[in-house]
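Okay, so here's the structure we're looking at.
No lab work stands behind these numbers, since they all come straight from the coordinates. All values reported here derive from a predicted model rather than from experimental measurement. We place every Cβ from the backbone using ideal geometry, glycine too, and count neighbours over all the protein chains shown.
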Amino acid sequence: MATYKGIKGFKVKNVTASPSPLNEGQVWYNTTADTLNYATVSGVPAGTWASSNPINRGSSEAIGCAQAAPMTTSLIFGGFSAPQYPPGTNAGWTEQYDGTSWATKNNLPAGRAYLGGLGTSTTAICVGGYPYPGSASTTAFNFDGTNWTAGVALASAFSGGASWGTSTAAVVAGGDPPSGPTGSQIWNGTSWTVSGAMSVGRTESGAGGCGLSTAGIITGGTGPSTAGNVTEFYNGSTWSTASGSITAPAGLRSGFMFGDQATAMYVGGYIGPTYASTNQIYDGSAWAEGSDIANGRRNGGRGGGTISGLIAGGAPSTPPIGTFTEEWSAPAAAVVKTVTVS
Amino acid sequence: MANTYCTATNTGKGFFTHEDRNAFYLSGHAGDVWVVGNNAAGVSWINRVSGTAKVKADAQAIVDGKREEEQVFYDAQDAEYKAAFPRPELYILP
């Protein structure tokens, strides 16, 4: 029989009162109440964005990230670099956040932009993307916290789409042909398999997907049409239209997405002719306006979730906006839940 | 008047805080231009970050100038670049 320690690597702590502050996913045993508890997100998180220290590489966009990394260990890599992304300057640069500042890490073996990113800062996977000029690729690289090495190739070339999940269970979806704009692929830790098609083609979907490999959520993309505003859920093999659509007059795309099917955020993006600063928050059925980012942008890196997250880099190319980091905090969103067995 | 305008250099952590974002409107633009909610907290923030106050027309001119620089760069690129990126356009500050 599987045990919690066997799965997570540590035991559930015995405590006399609920911990404070709560962290999403935290589990403990309350010896006073004699209950097994966990912290989860309930309802729309009420939070704000604050500035943090900039990335080192200069203004950059079309960045990949370790999508499952917590905010305080965010990892971003690849993308076009400043000034204003002259052709041929996309790079393999990698940087890791420590909660305060970004540190430079070893570069990807080959520079690429519009790539997918998965895993954490010590188990990251870079998938697809393309060199400029060039075309979408199936290439993958694995990161162990120090070095990048060759990974398992995608089933189909991928670029400019959404990606989410861990190093052992992940999804890429949408983007440019041939994988996109409706296509998706699923990763089981060993190999990539072509999966179901979305009902809406989503080019320029960027970081517009999140969740689990068997419970994903995606929205945005396909500008300037508003077709991509609808929300879709993924169950590990097929896609279905979910309730609620993000609000954008001309198709919001290339934004930053956080969370899961129950609570998600779609931040920033592009609505020609402006870079969006909006923050739309999903409660499992509808999208509502949340607290905006200060610097509207698209196609940057992201880390963390709906309680604690960040965005970094991205267009506009005008320095120094493309270097800025903003941190999201919604500490009041975590609530205590009790495990019942009846 | 709902907003006031300034230029200020984003110094990173602490430049604007969660408390600031709850206290006044704030949006950043090209050329280190910041649109700030015109209340006591917003004015205090401009002083804290050593911002230089601007009238809206001057702030708009700075942003337009930066965007026009981007347009010049964009127009000089090849077709493949233009297919990959949208042309920067001017917009009106809030």
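Tabulated data
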| quantity | calculated |
| --- | --- |
| Formal net charge of residues neighbouring A:E204 (Cβ-Cβ distance under 13 Å; K, R +1; D, E -1) | +1 |
| Positive minus negative residues near A:G92 (Lys, Arg vs Asp, Glu; Cβ under 12 Å) | +2 |
| Net charge of neighbours whose Cβ lies under 14 Å from the Cβ of A:L154, counting Lys and Arg as +1 and Asp and Glu as -1 | 0 |
| Computed magnitude of the charge dipole of the protein assembly as shown (debye, nearest 20; Cβ of K, R +1, Cβ of D, E -1) | 700 |
| Theoretical FRET efficiency, 1/(1+(r/R0)^6), r = Cβ-Cβ of B:D75 and A:T274, R0 25 Å, to 0.05 | 0.85 |
| Amide proton proximity set for A:R298, modelled H, under 5 Å, gap of 5+ | A:G269, A:A315 |
| Between segment A:266-298 and segment A:107-127, the Cα center-to-center distance that results, in Å | 25 |
| GNM top mover of A:I271, A:I63, A:I311 - chain A, alpha-carbon springs below 10 Å | A:I271 |
| Peptide B:16-24, shielding by other chains (average Cβ, 10 Å cutoff) | 5 |
| Lysine pairs in the protein assembly as shown with Cα atoms under 17 Å, if 8 or more residues apart or on separate chains | 4 |
| Order of A:T222, A:T190 - criterion: other Cβ atoms within 10 Å of each residue's Cβ, fewest first | A:T190, A:T222 |
| FRET efficiency, A:N106 to B:T9 (Cβ-Cβ, R0 25 Å, nearest 0.05) | 0.25 |
| Gain in span if fully extended, A:A227 to A:S285, counting 0.36 nm per residue against the direct Cα distance | 19.1 nm |
| Where labels lie 7 Å past Cα in the beta-carbon direction, separation of A:S135 and A:K11 in nm | 5.8 |
| Computed E for A:D144/A:N56 - FRET, C-beta separation, R0 25 angstrom, nearest 0.05 | 0.75 |
| Highest-MSF residue in chain A out of A:G290, A:G221, A:G160 [GNM, Cα springs under 10 Å] | A:G290 |
| Residue among B:A41, B:F16, B:G31 farthest towards the positive dipole end of segment B:3-84, charges placed on Cβ | B:A41 |
| DSSP-defined beta bridges in the protein assembly as shown - what % are antiparallel, rounded to 5 | 95 |
| Net dipole in debye of segment B:3-84 [+1 Lys, Arg Cβ; -1 Asp, Glu Cβ; about Cα centre; nearest 20] | 480 |
| P(r), alpha carbons of chain A - 10 Å bins starting at zero, rounded % | 6, 28, 36, 22, 7, 1, 0 |
| Most mobile of A:P19, A:P109, A:P54 in a GNM of chain A (Cα contacts under 10 Å) | A:P19 |
